[in-house]
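The values are calculated or read from the model by the stated rules, or taken from the named source; none is laboratory data. Everything numeric in this text was worked out from a predicted model, so none of it was measured. With ideal geometry, Cβ positions are generated from the backbone for all residues, glycine too; neighbour counts draw on all protein chains shown. For accessibility, only protein heavy atoms count, side chains too; no ligands or nucleic acids. Shrake-Rupley method; radii C 1.70, N 1.55, O 1.52, S 1.80 Å.
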Amino acid sequence: MSKLPQIKTSIFTVMSKMATEYKAINLSQGFPNFAIDPRLSDTVARLAKENVHQYLPMSGYPPLLNKIAVLVLKSYHRNLHPETEILVTAGATQAIFTTITALVHSNEEVILLDPSYDSYEAPVLLCNAKPVRVALNDDYTPNWERIEKAFSSNTKMIITNNPHNPTGKIWTDDDFVALETLLQKYPKVIVLSDEVYEYITFEQNHISVHSREKLQNRSVVIASFGKSFHITGWKVGYLVAPENLMLEIKKVHQFMIFSVNSISQVAISEYLDVVEVSKLGSFYQEKRDYFRKLLQNSRFEVLPCEGTYFQVVSYASISNENDIDFCKRLIVEHGVAAIPLSSFYGDAKDEKRIRFCFAKDNKTLEEAAKRLCGV
Ligand code: PMP
Ligand code: GLN
């Protein structure tokens, strides 16, 4: 009998495979298609000839841990102990999986806010725990009344994702105050804060759990170098947790992976000396604005996008098809791949909305928009 009967092949696999099959422009799975910073690729080329090919310490390459501490201090004014509060992981995906399996017990409940990224549910189910899905408001802001109602004495964790995939929504200070107030009543509840798009924000600043004193000592914050340095395929990220939680997380990490790819860690560590993460927001803001402008003459309704490299659009005035069928037809008939939003909901809610990734060079965005204007 399957341990995960309800889990299907990820929508990212399905849509990317179909995009390749039909030679469509792939705006579905989120990854950049442009060259990475030569300072990073040159470092890798040099390191390949150096002695960096063996296991690194379990928690991460020590200079990288130190530089992550500096980055978090600069970005959010939070002081971290590199050895006890930071863990380098094989991308945010492993950080999420390891955190949930280490901390959630059987029959406990984990609150997910729908639409939610697809990596959260499976590890919860593997723990024999229960995902409790709470719908966000129609504008994708958190509905605090509904969230409070979903809490119970069995709640162990709430998973937040800010800036939000797929909708690009960013939490406000009021949202954090609401969470902090609610959690005062639930002392054992842990926050898993997925902040992989922390540096991809536009008009509004990202508020990190790192800067919330009331949350820091009960939260695991997850980051990904894949998003911040355009290197999704390297699969390197990290998590930050207070020492008591980290001890448990490391018990799982050491037997899941032991240590993360050495050459990538050393390269990222050197790159952190020269890169300016604060420029990432304006880089992607230009792409967002350009893509939105290109879609102006299409029949899609372009929804707000405050952060991430995803643009959600509504096709309600174009077709009545469900969003999966619409996305499949978009690939086959128009040569553009997107992600249906229903795949981010526990109940597959079909809002006639789909997500495009605009982390692409301008030529690709132009050709994709030309095709989309013909829909
Ligand atoms: N969380 C969110 C919200 C994501 O969008 C992604 C990937 N796009 C991940 C986690 C996983 O990140 P990684 O590729 O570093 O495993
Ligand atoms: N997080 C990426 C996205 O949202 C996909 C990562 C994956 O393929 N698992 O598109």
Scanning the range 169-181 residue by residue, the ones that are away from ligand 1 (no atom under 16 Å from the Cβ) and open to solvent by 10 Å² or more (accessible area, probe 1.4 Å) total 8
Among the residues of the range 271-302, the number that are open to solvent by 20 Å² or more (accessible area, probe 1.4 Å) and more than 22 Å from S224 (Cβ to Cβ) is 10
- Query: Do we have Q29 as touching a residue at least 12 places away in the same chain (Cβ under 8 Å), away from ligand 1 (no atom under 16 Å from the Cβ) and in a loop (DSSP other than H, G, I, E, B) here?
  - Reply: no
Check: Is there a residue in the range 197-205 that is more than 13 Å from the chain's Cα centre (by Cα), open to solvent by less than 10 Å² (accessible area, probe 1.4 Å) and of a type in the set (S, T, N, Q)?
Finding: no
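How many residues does the range 103-120 hold that are open to solvent by 20 Å² or more (accessible area, probe 1.4 Å) and more than 13 Å from ligand 1 (Cβ to nearest atom)?
First pass over the range 103-120, keeping only residues open to solvent by 20 Å² or more (accessible area, probe 1.4 Å): 105-109, 117-119.
From the residues that got through so far, the ones that are more than 13 Å from ligand 1 (Cβ to nearest atom) too are 105-109.
The number of residues fulfilling the criteria is 5.
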Quick count over the range 10-25, residues being part of a loop (DSSP other than H, G, I, E, B) and either among the hydrophobic types (A, V, I, L, M, F, W, C) or open to solvent by less than 100 Å² (accessible area, probe 1.4 Å) (or both), is 2
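Being in a loop (DSSP other than H, G, I, E, B) and polar (S, T, N, Q) is the filter here, so list the residues in the range 279-307 that pass it. Steps first, answer last, please.
Filtering the range 279-307 for residues in a loop (DSSP other than H, G, I, E, B) gives 295-300, 303-306.
If the condition is that a residue be in a loop (DSSP other than H, G, I, E, B) and polar (S, T, N, Q), then Q296, N297, S298 are the ones that fit.
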Across (1) open to solvent by less than 20 Å² (accessible area, probe 1.4 Å); (2) out of contact with any Gly (no Cβ under 8 Å at 6 or more places or on another chain); (3) of a type outside the set (G, A, S), L247 clears everything bar (1)
With the first residue restricted to the range 353-375 and required to be among the small types (G, A, S), and the second required to be open to solvent by 50 Å² or more (accessible area, probe 1.4 Å), Cβ contacts under 8 Å at 6 or more apart or on different chains are A359/F31; A359/N33
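If we scan the range 122-142, do we find a residue that is open to solvent by less than 40 Å² (accessible area, probe 1.4 Å), without any contact (Cβ under 8 Å) to a residue 60 or more places away in the chain, within 30 Å of S269 (Cβ to Cβ) and not polar (S, T, N, Q)? Steps first, answer last, please.
First, pick out the residues of the range 122-142 that are open to solvent by less than 40 Å² (accessible area, probe 1.4 Å): 122-125, 127, 129, 131-132, 134, 136, 140-142.
Still in the list and also without any contact (Cβ under 8 Å) to a residue 60 or more places away in the chain: 123-124, 127, 129, 132, 134, 136, 140-142.
Checking which are within 30 Å of S269 (Cβ to Cβ) leaves us with 123.
Among the residues that remain, those that are also not polar (S, T, N, Q) are: 123.
Scanning the range 122-142 turns up at least one residue that is open to solvent by less than 40 Å² (accessible area, probe 1.4 Å), without any contact (Cβ under 8 Å) to a residue 60 or more places away in the chain, within 30 Å of S269 (Cβ to Cβ) and not polar (S, T, N, Q).
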Residues of the range 308-322 being within 12 Å of T167 (Cβ to Cβ) and in a loop (DSSP other than H, G, I, E, B), in sequence order, are T308
G91 fails exactly one of (1) within 16 Å of ligand 2 (Cβ to nearest atom); (2) open to solvent by 20 Å² or more (accessible area, probe 1.4 Å), namely (2)
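How many residues does the range 133-153 contain that are under 24 Å from I354 (Cα atoms) and either more than 16 Å from ligand 1 (Cβ to nearest atom) or basic (K, R) (or both)? Can you show your working first?
Initially, the range 133-153 is screened for residues under 24 Å from I354 (Cα atoms), giving 133-143.
Next cut, either more than 16 Å from ligand 1 (Cβ to nearest atom) or basic (K, R) (or both) only: 133-135, 137-139, 141, 143.
Summing the residues that are under 24 Å from I354 (Cα atoms) and either more than 16 Å from ligand 1 (Cβ to nearest atom) or basic (K, R) (or both) in the range 133-153 gives 8.
Give the range 211-226 a look and list any residue that's part of a helix (DSSP H, G or I) and either surrounded by fewer than 18 Cβ atoms within 10 Å (Cβ to Cβ) or among the small types (G, A, S) (or both), or say none.
First, the residues of the range 211-226 that are part of a helix (DSSP H, G or I): 211, 213-216, 225-226.
If the condition is that a residue be part of a helix (DSSP H, G or I) and either surrounded by fewer than 18 Cβ atoms within 10 Å (Cβ to Cβ) or among the small types (G, A, S) (or both), then S211, E213, K214, G226 are the ones that fit.
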Of a type in the set (A, V, I, L, M), at pLDDT 95 or above, within 16 Å of ligand 2 (Cβ to nearest atom) and surrounded by 12 or more Cβ atoms within 10 Å (Cβ to Cβ), is that true of A69? no
Per the filter on the range 323-366, residues of a type in the set (A, V, I, L, M), under 21 Å from the mean Cα position of the chain (by Cα) and either on the phi > 0 side of the Ramachandran plot or outside any strand (DSSP E or B) (or both) are A338, L341, A348, A359
Checked S59, S28, S75, S41 against criteria (buried (at least 19 other Cβ atoms within 10 Å of the Cβ) and more than 16 Å from ligand 2 (Cβ to nearest atom)); the one match is S59
Here the qualifying pairs (Cβ atoms under 8 Å; residues six or more apart or on different chains; first in the range 314-337 and farther than 12 Å from R355 by Cα and open to solvent by 70 Å² or more (accessible area, probe 1.4 Å); second modelled with pLDDT of 95 or more and among the aliphatic types (A, V, I, L, M)) come out as K328/M18
Apart from one, (1) more than 16 Å from ligand 2 (Cβ to nearest atom); (2) within 21 Å of V332 (Cα to Cα) all hold for T9; the odd one out is (1)
